[in-house]
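A.B. asks: Let me give you the structure first, and then I'll get to my questions.
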There are 2 protein chains.
Amino acid sequence: MDERVREHAEVLVDWSARVEAGDNVVLSVGPDAHELAVAVAECLGERRANLLSTYSSGEITRAYLRAHNGDFDANPAHELALVEQADVYLSLGGGRNTSATADVPGKRRQAYNSARAGIRERRLDTRWVSTVHPTRSLAQQANMAYEAYQEFAYDAILRDWGSLAKEMARVKELLDEGSEVRLVSTNTDLTMRIDGRTAVNSAASVAYDSHNLPSGEVFTAPYATEGEVTFDVPMTLHGEAVRNVRLEFDSGEVVEYDADQGVDVIAEIIDADDGARRLGELGIGMNRGIDRYTDNILFDEKMGETVHLALGRAYDANLPEDESGNESAVHVDMITDVSEESRLEVDGTVVQRNGRFRWEDGFE
Amino acid sequence: MDERVREHAEVLVDWSARVEAGDNVVLSVGPDAHELAVAVAECLGERRANLLSTYSSGEITRAYLRAHNGDFDANPAHELALVEQADVYLSLGGGRNTSATADVPGKRRQAYNSARAGIRERRLDTRWVSTVHPTRSLAQQANMAYEAYQEFAYDAILRDWGSLAKEMARVKELLDEGSEVRLVSTNTDLTMRIDGRTAVNSAASVAYDSHNLPSGEVFTAPYATEGEVTFDVPMTLHGEAVRNVRLEFDSGEVVEYDADQGVDVIAEIIDADDGARRLGELGIGMNRGIDRYTDNILFDEKMGETVHLALGRAYDANLPEDESGNESAVHVDMITDVSEESRLEVDGTVVQRNGRFRWEDGFE
């Protein structure tokens, strides 16, 4: 077995999910994530955790959803009981075709997801972590050769997470103490309030309220957004290519929008509900192991020298205990490159310029 | 998709497991059973059952068991809760290597199985059915080409089960009304008591207390066995080839044994515990879709014109409600060909001669 697969498994089990003896672990395995699942099983055996593997296949989901009439039972008892009794939920993504469910009607999928909201909530109560095994289909989506994609993915995943967590803690501190963020870049000048909000140091570990591997971002929940922003990182949303989305905000809400490509998808998202017109997240990508866009949000939004904003739902982790932030059925991240002609200010002080933080070499 | 895969799925869901709307179904998927799983998912969607897929991989089991120190938690709560809330449990076997767990120490496996006895019992309370997807590794085990093996497997699985159930009902009736069975064949003359026992018409459906697909056998729990028997169908037991096992019984217990090959495996089985010296099952194979031995007990023991006997544990379904039959940690089936120079008698009446039942053409 490729030694990197073993290292990936160890980071996932020890750093990310903090698995201990006696933990009841659900391991959700994608059809092409088998090899990583074997390595994770070995780690779980060594740590004397209790392993149950589930099978997460887009083709099975497609067959089931298309055949179903759409009248789904709410939170089936067997699956609910499984997640209620789980301490840890590890999702190993990796299929054979990233478009496996492309012909499932959106409404059918939505009805299915709505009927299972209770299961999803219980899963969020576990020490859950999502990762992917680098597969040929993900390489294809990234327009990359398989071996080159493997190198890319492991560069992103096998970081010195402890050291990155320390660096990200500086950014978190700035955001926690600040009241207003201003982002200036090409066709972008946006201000957002962040006072009263708590930033998450997303260091790829449940110990940091962080549930993605790779991770490497600091994010918070902004409000009262004013100004304009352009997202120049290309991406696929709802199966459609989207390029250079431009949003204009007034009193926290999108008042104008446009795009070079995919404007209809943006319209659909913004019209989903009231919350979809407001921002739910401001994230600062800090994983310099990610050196290119691969059209996979798990990686793209973590890339160093990028900033992303999400329309829609805010995360509870960013909010005071008794407060609910922006609510919405959607949460759609879009990314802007800040490596050139850009600056990020907190309360008028420049904390990052052209991708460099003020404590880094090259900041001027 | 191969139309036979769809038919297999339909037989499994409708005839075997009697799935209805609202059933909570666990679908256990082997790594190479994916295609059958997709077809089953479509059936389950159509019938509005609730689907959760688990992943059953010998390689994952091997990695986990070898890494574990052997001190297993009893009946982990998440897996126990899952089976407790399941109505139906469908196991789709099919890996890439039938020897995937060959280097797991027997003691480790035994400790794992013992720690999970409660989960196994709860699973037996569901409408459970075990089947296999014809894979290349099963073809290899059968010494067959892949396409030829597919034809073999679907001939066994896609029967007219209703019609076979009617024929098997005649055999069940004979056994239920009889007191003593005598089997005479080459190097075989064995008598067994069966009074007070109930035969199972194993028609590949939970409606018949039958949990294998394919099935096609009538079995009961004999006792007070006397005489000698030779099992001339070759098979692999505990990873070792076994040929021409001969057993001699006195007062229900094995008093002598021998084999042309694999006698040490037989010794190991017989020495497992007291119950391992007695018979737990007499089965009459009646599936004429199975026309050859493939070293897979799921198929071999159902083959028409064969009889099998198992050392060890008897099934509750054969016993009166308040009675427990032969108890043992083992249940090892061995098979004898009765297509030539053989006869099966119930209370002195020949009911089958040279593989033909008394109501069949060719019986004389």
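The values are calculated or read from the model by the stated rules, or taken from the named source; none is laboratory data. Since the model is a prediction, treat every value here as computed from it, not as a measurement. Because the Cβ atoms are built from the backbone with ideal geometry, glycine has one as well, and the counts that use them run over all protein chains shown. Areas reflect the complete protein model, heavy atoms only, side chains present, ligands, DNA and RNA absent. Shrake-Rupley method; radii C 1.70, N 1.55, O 1.52, S 1.80 Å.
A.B. asks: Work out, step by step, the length gained on full extension between A:Asp291 and A:Ala241: first 0.36 nm times the residue separation, then minus their alpha carbon distance; give nm to one decimal.
C.D. replies: Numbers: separation 50, 0.36 × 50 = 18.00 nm, distance 2.08 nm.
Here the answer is 15.9 nm.
A.B. asks: Calculate for chain B the 222 nm mean residue ellipticity that helices alone would give, adding -39,500 (n - 2.57) per DSSP H run of length 4 or more and normalising by residue count, nearest 500 deg cm²/dmol. Walk me through the intermediate numbers first.
C.D. replies: Values: 11 runs with 104 residues, N = 364.
It comes out at -8000 deg cm²/dmol, rounded to the nearest 500.
A.B. asks: So what does B:Lys172 come to for accessible area, using a 1.4 Å probe and Å² rounded to 10?
C.D. replies: Accessible area, nearest 10 Å²: 50 Å².
A.B. asks: With unit charges on the beta carbons (Lys and Arg positive, Asp and Glu negative) and the dipole taken about the Cα centre of chain A, which residue among A:Thr191, A:Val13, A:Pro234 sits farthest to the positive side?
C.D. replies: It is A:Val13.
A.B. asks: Using the Cα atoms of region A:93-162, I'd like the radius of gyration and the largest Cα-Cα distance, Dmax, both in angstrom.
C.D. replies: Rg, Dmax (Cα atoms, Å): 16.0, 43.
A.B. asks: Starting from the residue with the highest accessible area, list B:His238, B:His308, A:His211 in decreasing order, probe 1.4 Å. Kindly include the intermediate steps, with their values, before the conclusion.
C.D. replies: Details: B:His238 125, B:His308 0, A:His211 40 Å².
Solvent-accessible surface, decreasing: B:His238, A:His211, B:His308.
A.B. asks: Could you tell me the accessible area of A:Glu327 in Å² (1.4 Å probe, neighbours in place), rounded to the nearest ten?
C.D. replies: That residue has around 120 Å² of solvent-accessible surface.
A.B. asks: Additional query: In peptide B:34-42, what is the residue-averaged number of other protein chain Cβ atoms found within 10 Å of each Cβ?
C.D. replies: Values: counts 6, 1, 0, 6, 7, 2, 3, 11, 8.
Average neighbour count from other chains, rounded to a whole number: 5.
A.B. asks: Please report Rg over Rh for region B:141-285, where both radii come from the alpha carbon positions and Rh follows the Kirkwood definition.
C.D. replies: Values: Rg = 17.0 Å, Rh = 17.0 Å.
We get a ratio of 1.00 for region B:141-285.
A.B. asks: Give the separation of the Cα centroids, region B:256-272 to region B:136-179, in Å.
C.D. replies: Distance between centres, Cα-based: 28 Å.
A.B. asks: Which of these, B:Glu323, B:Glu341, B:Glu121, has the largest mean-square fluctuation under a Gaussian network model of chain B (Cα springs below 10 Å)?
C.D. replies: Answer for the Gaussian network model of chain B: B:Glu323.
A.B. asks: In addition: From Cα coordinates alone, what are the radius of gyration and Dmax values for the protein assembly as shown in angstrom?
C.D. replies: Using the Cα atoms of the protein assembly as shown, the pair Rg, Dmax is 31.0, 104 Å.
A.B. asks: So how far, in whole Å, is the C-alpha centre of region A:297-364 from the one of region B:277-354?
C.D. replies: Each part's Cα centre sits 69 Å from the other's.
A.B. asks: Here's something else I'd like to know. Per the Kirkwood formula on distinct C-alpha pairs, the Rh of region A:3-157 is how many angstrom? Show your work: numbers first, answer last.
C.D. replies: Working: mean 1/r = 0.0602 Å⁻¹.
One over the average 1/r among Cα pairs gives 16.6 Å for region A:3-157.
A.B. asks: I would also like to ask the following. Label-to-label distances across copies for B:Glu147, with labels 7 Å out along Cα→Cβ, in nm, shortest first?
C.D. replies: Ordered by distance, the counterparts are at 3.5 nm.
A.B. asks: Label position 7 Å from Cα toward Cβ: report the copy-to-copy distances for A:Glu360 in nm, one decimal, ordered from shortest.
C.D. replies: Copy-to-copy label distances at A:Glu360, shortest first: 7.9 nm.
A.B. asks: Sticking with this structure for a sec: A:Ala169 to A:Ala67: FRET efficiency via 1/(1 + (r/R0)^6), r the Cβ-Cβ distance, R0 45 Å, to the nearest 0.05? Let's see the in-between values first.
C.D. replies: On the way: r = 49 Å, r/R0 = 1.10.
Using R0 = 45 Å, I get an efficiency of 0.35.
A.B. asks: Find the relative contact order for chain B and round it to a whole percent, using C-alpha pairs within less than 8 Å whose residues are 6+ positions apart. Write out the running numbers ahead of the final one.
C.D. replies: On the way: 834 pairs, mean separation 47.6, N = 364.
Worked out over chain B, it gives 13 percent.
A.B. asks: With unit charges on the beta carbons (Lys and Arg positive, Asp and Glu negative) and the dipole taken about the Cα centre of region A:3-157, which residue among A:Ala33, A:Leu51, A:Ala115 sits farthest to the positive side?
C.D. replies: Positive-end residue among those listed: A:Ala115.
A.B. asks: Another question, if that's okay. Once you've got the GNM for chain A with C-alpha springs shorter than 10 Å, pick whichever of A:Gly45, A:Gly280, A:Gly94 has the biggest mean-square fluctuation.
C.D. replies: A:Gly45
A.B. asks: Related question: If you take the charge dipole of chain B about its Cα centre, with +1 on Lys and Arg Cβ and -1 on Asp and Glu Cβ, which of B:Val245, B:Ser130, B:Gly280 is farthest toward its positive end?
C.D. replies: Of the candidates, B:Ser130 comes out farthest on the positive side.
A.B. asks: On to the next question. Eight or more residues apart or on different chains, and alpha-carbon atoms under 19 Å: count the Lys pairs in the protein assembly as shown matching that.
C.D. replies: On the way: A:Lys166/A:Lys302; A:Lys172/A:Lys302; B:Lys166/B:Lys302; B:Lys172/B:Lys302.
Here the count comes out as 4.
A.B. asks: Just subtract the alpha-carbon distance of A:Ser179 and A:Asp155 from 0.36 nm times their residue separation and send over the number in nm, one decimal.
C.D. replies: Working: separation 24, 0.36 × 24 = 8.64 nm, distance 3.44 nm.
Going from the current span to full extension adds 5.2 nm.
A.B. asks: I've got another one for you. How large is the dipole of chain A about the Cα centre if only Lys and Arg carry +1 and Asp and Glu carry -1, each at its Cβ, rounded to the nearest 20 debye? Could you put the intermediate results ahead of the total?
C.D. replies: On the way: 36 positive and 68 negative charges, 223 e Å.
In total the dipole reaches around 1060 debye.
A.B. asks: Can you list the copy-to-copy distances for A:Ala267, using a point 7 angstrom from Cα toward Cβ, in nanometres, shortest first?
C.D. replies: 8.3
A.B. asks: Could you check which residue among A:Leu158, A:Leu279, A:Leu82 shows the biggest mean-square fluctuation in a GNM of chain A with a 10 Å Cα cutoff?
C.D. replies: With Cα springs under 10 Å in chain A, the top fluctuation among A:Leu158, A:Leu279, A:Leu82 is at A:Leu82.
A.B. asks: Determine, from the Cβ-Cβ distance of B:Arg343 and B:Arg120 and an R0 of 45 Å, the FRET efficiency 1/(1 + (r/R0)^6), rounded to the nearest 0.05. Intermediate results must be reported in sequence, preceding the final value.
C.D. replies: Numbers: r = 38 Å, r/R0 = 0.85.
Once the sixth-power term is evaluated, E becomes 0.75.
A.B. asks: Related question: Take the alpha carbon atoms of chain A, find their radius of gyration, then divide it by 2.2 N^0.38 Å using N residues; give the quotient.
C.D. replies: 0.98
A.B. asks: Given charges of +1 on the Cβ of Lys and Arg and -1 on the Cβ of Asp and Glu, with all other atoms neutral, how large is the dipole of region A:106-187 about its Cα centre, in debye to the nearest 20?
C.D. replies: 760 debye
A.B. asks: Rank these by accessible area, largest first, 1.4 Å probe: A:His331, B:His8. Walk me through the intermediate numbers first.
C.D. replies: Details: A:His331 40, B:His8 0 Å².
The most accessible residue leads, giving A:His331, B:His8.
A.B. asks: If you don't mind, another one. At a 1.4 Å probe radius, which order do B:Ser324, B:Ser339 fall into by accessible area, largest first?
C.D. replies: B:Ser324, B:Ser339
A.B. asks: Right, another one. Report, in cubic angstrom per residue, the convex hull volume of the C-alpha atoms of region B:277-364.
C.D. replies: Details: hull volume 11.5 nm³, N = 88.
In region B:277-364, the Cα convex hull volume per residue is 131 Å³.
A.B. asks: Next question. Are there any helices in chain A, counted as whole DSSP H runs, that stretch 20 Å or more along their axis by Cα and score at least -1.0 on average by Kyte-Doolittle, and if so which? Mind dumping the intermediate values first?
C.D. replies: Details: long enough: A:161-177 (23 Å, -0.43).
Answer set is A:161-177.
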